[in-house]
Amino acid sequence: MGGPAPAFLDDDVLLSGPTARELYHHTARHAPIVDFHSHLAAADVAGDRAYGTLTELWLSEDHYTWRAMRLAGVDEALVTGGADPWDTFAAWASTMPRLVGNPLHLWGHLALRRVFGIDLALHPGTAREIWDEANRQLPRLRAQALLARFGVELLATTDDPGDDLAAHLRLRDERPEGVPSVVPTWRPDEAHRLLADPPGWNAWADRLQEVTGVAVVDLESLAAALQVSLARFGALGARCSDHGLLCVPDRDRDQQAADAAVRLARRGVRPAPEQRRALALEVVWLAARRAHQDGTVVQLHLGARRDVSPRILAAAGRDAGGDATADVRQEPGLRRLLAGLEEAGCLPRTVLYNLHPADGAVVASLAGAFSRPGVRGLVQWGPPWWFNDHEDGIRRHLATLSAVGQLGAFVGMVTDSRSILSMVRHEVFRRVLCDVVGRQVDEGRLPAGGPWLSQLVGDVCAGNARRYLGIEPPSPERPHAERLPPELPHAERLPPERGPRERPQDG
């Protein structure tokens, strides 16, 4: 009948063979975290946020947990309604045993172990003991200490073009020893997402023009304001823009329609859907041209149907866990965009994320169709995103990527989360990666021995992301070396157009 079952979440969980265990324990677990897509707040890091209770740390901003609690029948008052923190945690403890097979079960218990050293399974019978012990430790587990505990080297937040970036300024000027590099990511979705709500769009445009000094009245002025905003982000070390789209519009660019969208919204009139899509395409093109010029990266998150539940939208607001996977065609518009950018000579490093698992092969094959000499993986099929971020989804992703692309060039994992405890997602990904590669060695399908396997695993964990983003690891001599200009650009300080920045060749 074999030996005894392994202990719950022992050191070798998800590692099925000797090579997998060696790769993980000797290489992957020691690699730093380069988290190039996160929704953590820079203000939490800059202010070294303290967490009053385990509920505040774990549950207060994580819509994954909110969704799970609602599915268990928990009342919204205990989810997002500001109930007593213990009552919310008790409801979460009652939910956890129902989450067998859900990544939240694995992530949550790994977080308890890695952060608090708690090896109990969470359920109603252990909830009070876990609550008391975690809360006892919380005073010494502020935001910066947590990032250090997880080994985070770079954290990229997600920020609106109209943000004042005050927290990023503070981190640039006052970053304490041991705090990771925290950089903004330019996320301009509101430029087209809010067009369906002209009052909301105008409030957003007013914030943008206040920050940039450019009056937004039409497409030309909006583009100028967004260019200033991009320069501000770049001055604070931004390496990416990010765009959340249902799909890339399958249409030619139409600047006249995009201009009409801006003018109509400024008059308080809702633009037509085609006009809104035209503006979305113009924003992506603007970001792509700038990324090609600056040697930075464009990320495209495709296929999320947002806020499908009217009840949850009314009770908890946008992006609160009432979302779903959209069943729309991704290939036509995405192919047209990538080919158009390449034909125009401005296809930048691009990371593609698909939410519908059926789109994986399409996106992976499209990514592999575009290349540039000297660049490893110019267009990347990005890491498993959202509803695909679980053990089975990661295994499928790695298998497809290996079969139609190049695993050794993969930029690795991100958290895509508002919860600092989500850094354990990197551990899960790395364990699965080592198991996938290690099994092939143990089965005689890959050669054993030599440093190349460790190099591949280390590259996928962190090295490829560093190269792709154009960053360098900190050195003992210059742990916080800055490459940034001293001021943030404003309208009158918009830098002149320039050619691509000199970058080391990728391999």
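The numbers here are math on the coordinates, done by the rules we state, and not lab data. The structure displayed is predicted, hence computed values, not measured ones. Glycine gets a Cβ as well: all are built from the backbone with ideal geometry, and neighbour counts include every protein chain shown.
For the range 50-140, give the magnitude of the charge dipole about the Cα centre (Cβ charges: +1 Lys/Arg, -1 Asp/Glu; no others), in debye to the nearest 20.
Taking the Cα centre of the range 50-140 as origin, the dipole is about 300 debye.
In the chain, if the dipole is taken from +1 on Lys/Arg beta carbons and -1 on Asp/Glu beta carbons about the Cα centre, which of 14, 145, 222 is farthest to the positive end?
Farthest along the dipole direction, towards plus: 222.
In debye, nearest 20: dipole of the range 131-236 around its Cα centre with unit charges on the Cβ of K, R (+) and D, E (-)?
Charge dipole, the range 131-236, about its Cα centre: 500 debye, nearest 20.
Neighbouring Cβ atoms within 10 Å as the yardstick, rank 416, 359, 11, 197 fewest first.
Going from least to most buried by this count: 11, 197, 416, 359.
Show that you can apply the helix-only estimate: for the chain, add -39,500 (n - 2.57) for every DSSP H stretch of four or more residues, divide by all residues, and state [θ] at 222 nm to the nearest 500.
-13500 deg cm²/dmol
For 133, 177, 443, what ranking results if the residue with the fewest other Cβ atoms within 10 Å of its Cβ goes first?
Going from least to most buried by this count: 177, 443, 133.
Treating only the Cβ of Lys, Arg, Asp and Glu as charged (+1, +1, -1, -1), what charge dipole size does the chain show about its Cα centre? Round to the nearest 20 debye.
My answer is approximately 660 debye.
What net charge is computed for the residues neighbouring residue 77, neighbours being all others with C-beta under 11 Å from the C-beta of residue 77, Lys and Arg scored +1, Asp and Glu -1?
It works out to a net charge of -4.
Sequence gap at least 6, Cα distance under 8 Å: using those rules, report the relative contact order of the chain to the nearest whole percent.
Rounded, it is 21 percent for the chain.
Can you give the convex hull volume per residue for the Cα atoms of the chain, as a whole number of Å³?
158 Å³
Can you find, among 95, 63, 108, the residue sitting farthest towards the positive end of the charge dipole of the range 50-140, where Lys and Arg contribute +1 and Asp and Glu -1 at Cβ?
Farthest along the dipole direction, towards plus: 108.
So in the chain, what percent of DSSP beta bridges are antiparallel if you round to the nearest 5?
If we restrict to bridges inside the chain, about 10 percent are antiparallel.
Checking a compactness column here: for the range 191-259, what do you get for Rg(Cα) / (2.2 N^0.38 Å), N being the number of residues?
After normalising by residue count via 2.2 N^0.38 Å, the value is 1.19.
Take the alpha carbon atoms of the range 239-272, find their center, do the same for the range 139-159, and report the distance between the two centers in whole angstrom.
35 Å
Take the alpha carbon atoms of the range 324-339, find their center, do the same for the range 14-84, and report the distance between the two centers in whole angstrom.
30 Å
Could you tell me the relative contact order of the range 50-140? Use alpha-carbon pairs under 8 Å, at least six residues apart, and round to a whole percent.
The normalised contact order for the range 50-140 reaches 34 percent.
For the range 180-236 and the range 342-394, what is the separation of their C-alpha centers, rounded to whole Å?
26 Å
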